[in-house]
1. Among the residues of the range 347-354, are any surrounded by fewer than 17 Cβ atoms within 10 Å (Cβ to Cβ), of a type outside the set (Asp, Glu) and within 16 Å of the ligand (Cβ to nearest atom)?
2. Which condition number does Arg56 fail, the rest of (1) out of contact with any Phe, Trp or Tyr (no Cβ under 7 Å at 6 or more places or on another chain); (2) open to solvent by 20 Å² or more (accessible area, probe 1.4 Å) being met?
3. What number of residues in the range 346-387 are part of a loop (DSSP other than H, G, I, E, B) and either farther than 19 Å from Ala318 by Cβ or out of contact with any helix residue (DSSP H, G or I) (no Cβ under 8 Å at 6 or more places or on another chain) (or both)?
4. Residue by residue through the range 356-374, note down the ones that are open to solvent by less than 50 Å² (accessible area, probe 1.4 Å) and within 12 Å of the ligand (Cβ to nearest atom).
5. Taking the range 179-235 only, how many residues are among the hydroxyl-bearing types (Ser, Thr, Tyr) and open to solvent by less than 30 Å² (accessible area, probe 1.4 Å)?
6. Do any helices (runs of 4 or more DSSP H) entirely within the range 70-161 hold 2 or more residues that are within 16 Å of the ligand (Cβ to nearest atom), and if so, which?
7. In this structure, is Gly166 touching a helix residue (DSSP H, G or I) at 6+ places or on another chain (Cβ under 6 Å), assigned by TED's automatic domain parsing to the domain that holds Leu86, surrounded by 23 or more Cβ atoms within 10 Å (Cβ to Cβ) and in contact (Cβ under 8 Å) with a residue 40 or more places away in the chain?
8. Of the residues in the range 25-40, how many are surrounded by 18 or more Cβ atoms within 10 Å (Cβ to Cβ) and over 16 Å from Gly147 (Cα atoms)?
Amino acid sequence: MPVINRFAELHDEIVAWRRDYHRHPELLYDVHRTAADVAKKLRAFGFDEVVEGIGRTGVVGVLKGESDPAEAGGRVIGLRADMDALPIREESGKPWASEIPGKMHACGHDGHTAMLLGAARYLSETRRFSGTAIFIFQPAEEGGAGGRAMVEDGLMDRFAIEEVYGMHNMPGLPLGHFALRPGPIMAATDMFSVEIDGLGGHAAQPHRTIDTIVAASAIVQAIQSIVSRNVDPLASAVVSVTTINAGSAFNVIPQRAKLTGTVRSLDALVRDQLERRLREVVQNVAAAYGATAHFTYTRSYPVTVNHAEQAEKAASVARDVAGELNVDASHAPVMGGEDFSFMLEARPGAFIFVGNGDTAGLHHPAYDFNDAAINHGSSYWARLVETLMPAA
Ligand code: NI
């Protein structure tokens, strides 16, 4: 059962929605225009219930199948898309490029929202399923933990969601392909900062100073050994220093230096180990140079872990849509983060990648969601509902 024909008829309309969102990107929780449009569309499709303002600006649509949910022993499945954009100046050159300077849909969340709306349109016409499909449109995926906000706002209990599914486009994965894996599929994303305090002074008299630049350099070098010497070589981890700031003049040794960086892991124990070793190495290396280090570690998104049973169901639906050969059900994990992880901590479910073809990468100024992926993404959502909750 390949892509659903109805989506070929709806394609131009879904593309128009997608490009409208693309022209009007909104950041974090400030997705008022997008959320209002999503809610309006769901109501126009005849949804049984549409609730706005969950997790501040999230939208939830409830669609019941043709057979009485209770009678059919109906189940409740959640389908999630994200709506927010990024603070990047767009350089795609597309006619539908962002009309808001400094903001763009550089992660394809415009496409995610449009594909899920396409499935909402189709399923509201057909309703060939039992049980209840919950359509979840979340704000603030890009660093604002909008997924956690919706969960904390009672999303799962209020709508009695039993399983939850998510999707992200993947540049480099061919169009019409899907990829996923059971277990960890995306990394925990943590941040650290180090403020090093020494003794500033004249650059010609280093013996009368505690040089924070030398201490900071030693710290940057020393923490490279955490991944190579402390973490199990069969596990995965990233420690990257991404900013280093110190000094203001060529002849002054600065009093202070500051480093920040990111830490990625696919396993809770490795995550704990990375935090512990970073703290130890930073503080002890600083001390070796006579400086003091104030170390701060901030845990952001947890590991996105696909549940084995739901990942297999998702893979099976993707095979129905895309064909056996076009689904990689043991894809390597990605060290990027995803706040769908909070939903997978609350309920069993699975996160899947849909091919965006040979396009610029995510978060690149030239990136654009590939509209040719829409039929595959929308078909996956529709078939997922029809397969997991078959009509009586
Ligand atoms: Ni994204």
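1. Looking for residues that are surrounded by fewer than 17 Cβ atoms within 10 Å (Cβ to Cβ), of a type outside the set (Asp, Glu) and within 16 Å of the ligand (Cβ to nearest atom), one finds none in the range 347-354, hence no.
2. (1)
3. Let us first name the residues in the range 346-387 that are part of a loop (DSSP other than H, G, I, E, B), namely 347-348, 356-370.
Right, trim to either farther than 19 Å from Ala318 by Cβ or out of contact with any helix residue (DSSP H, G or I) (no Cβ under 8 Å at 6 or more places or on another chain) (or both) and you get 347, 358-368.
Qualifying residue count for the region: 12.
4. Asn356, Gly361, Tyr367, Phe369
5. Qualifying residue count, the range 179-235: 4.
6. Working: elements: 109-126, 146-152, 155-158.
Fully inside the range 70-161 and qualifying: 109-126, 146-152.
7. Working: touching a helix residue (DSSP H, G or I) at 6+ places or on another chain (Cβ under 6 Å): yes; assigned by TED's automatic domain parsing to the domain that holds Leu86: yes; surrounded by 23 or more Cβ atoms within 10 Å (Cβ to Cβ): yes; in contact (Cβ under 8 Å) with a residue 40 or more places away in the chain: yes.
So Gly166 passes the test.
8. Looking only at that region, the number is 6.
The values are calculated or read from the model by the stated rules, or taken from the named source; none is laboratory data. In this text, all values refer to a predicted model and were calculated from it rather than measured experimentally. Note: ideal-geometry Cβ built from the backbone for every residue, glycine included; neighbour counts use all protein chains shown. SASA here: full protein model, heavy atoms, side chains in, ligands and nucleic acids out. Shrake-Rupley method; radii C 1.70, N 1.55, O 1.52, S 1.80 Å.
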